[in-house]
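Engineer: Next up is a structure, given as structure tokens.
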Amino acid sequence: MTAPERTPQQWARDMLMPGRSIIVDTETSDLGGSILEVAAIDSASGVLLLETLVDPGDVPIHPDAAAVHGLSADQLAGAPAWPLVFPVLAAVTAGRVVLAYGADFDHGRVLHDCHRFGLDPQHLADRGRWDCIMRARSQAEGTEKNIRLGGAHRARGDAEAARVVLQDIAHGHRDAPATGVV
């Protein structure tokens, strides 16, 4: 006999348990590009665990991406490169489920940059350790469409906005603000 599938509300409540999960968000040079900024917050408390700009090296920032997040090469000068940032991200996410609003995207960018620099992505490579708040929100709202986050388009702001959505799902709210459907 198999266990019944959890509702989005049950899932969200589980993810909000202390020590259970971390919410991660990235800003990138392009949809298929490198990470320019990363933030991680504790899902239960909202405590900021990591927030940093990332120097992508010789990777150009696509104008469309810059128009969304506002990051420029000048702002990234002097920021740590991914090989210095990744161990910190790995440490703050160790032993927890990694949540993101659009987890496939953020997971893919982490793997991309780890491979780009020859880093072992450790537990962050395991797709089973990642889960998607956007997918849970769509399920909770009874739609198959992806609902835009409507965050600040910076890593910390988007992680914090994703946490609000997670809390809304846990409390059974279906009227969380959205900016549209993708």
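Engineer: Are there any trypsin sites (Lys or Arg not before Pro) in the stretch 84-158 that are in a DSSP loop and have at most 12 other Cβ atoms within 10 Å? List them by number.
Structural biologist: On the way: sites: R96, R109, R116, R127, R129, R135, R137, K145, R148, R154, R156; in loops: R96, K145, R148, R154.
Listed in order of number, the matching sites are K145.
Engineer: Scan the chain and report its longest stretch carrying no GluC sites (Glu not before Pro) that are both in a DSSP loop and have at most 10 other Cβ atoms within 10 Å.
Structural biologist: Free of exposed loop sites, the longest segment is 6-143.
Engineer: Check which residues have an amide H placed less than 5 Å from G150's amide H, if you skip close sequence neighbours.
Structural biologist: The list, which skips near neighbours in sequence, is T179.
Engineer: Computing the accessible area with a 1.4 Å probe over protein heavy atoms, can you report the carbon and sulfur percentage for the stretch 57-182? Present the calculation step by step, with values, prior to reporting the outcome.
Structural biologist: Numbers: 3330 of 6340 Å².
C and S fraction of accessible area: 53 percent.
Engineer: How big is the antiparallel share of DSSP beta bridges in the chain, given as a percent to the nearest 5? Before the final figure, lay out the partial values.
Structural biologist: On the way: 13 of 20 bridges.
The answer is about 65 percent antiparallel.
Engineer: Between T7 and R148, what length in nm is gained on full extension when 0.36 nm per residue of separation is reduced by their alpha carbon distance? Walk me through the intermediate numbers first.
Structural biologist: Numbers: separation 141, 0.36 × 141 = 50.76 nm, distance 2.09 nm.
Full extension of this stretch gives 48.7 nm more.
Engineer: Another question, then. Placing unit charges on C-beta atoms (Lys and Arg positive, Asp and Glu negative, everything else neutral), compute the dipole magnitude of the chain about its Cα centre in debye, rounded to 20. Before the final figure, lay out the partial values.
Structural biologist: Values: 16 positive and 24 negative charges, 119 e Å.
The calculation lands at about 580 debye.
Engineer: Another question about this same structure. Using modelled backbone amide H atoms (1.01 Å from N, in-plane), which distant-in-sequence or interchain residues come within less than 5 Å of T28's amide H?
Structural biologist: Those qualifying (amide H under 5 Å, at least 5 residues apart or on another chain) are L36.
Engineer: Using the crude model of +1 on Lys and Arg Cβ and -1 on Asp and Glu Cβ, and no other charge, please compute the dipole size for the stretch 25-75 relative to its Cα centre, in debye to 20.
Structural biologist: Charge dipole of the stretch 25-75: 80 debye, to the nearest 20.
The values are calculated or read from the model by the stated rules, or taken from the named source; none is laboratory data. Owing to the predicted nature of the structure, the values given are computational and were not obtained by experimental measurement. Positions of Cβ are generated from backbone atoms using ideal geometry, with glycine treated the same way; all protein chains shown enter the neighbour counts. For the accessible areas, the whole protein counts, side chains as well, though only heavy atoms, and no ligand, DNA or RNA atoms are used. Shrake-Rupley method; radii C 1.70, N 1.55, O 1.52, S 1.80 Å.
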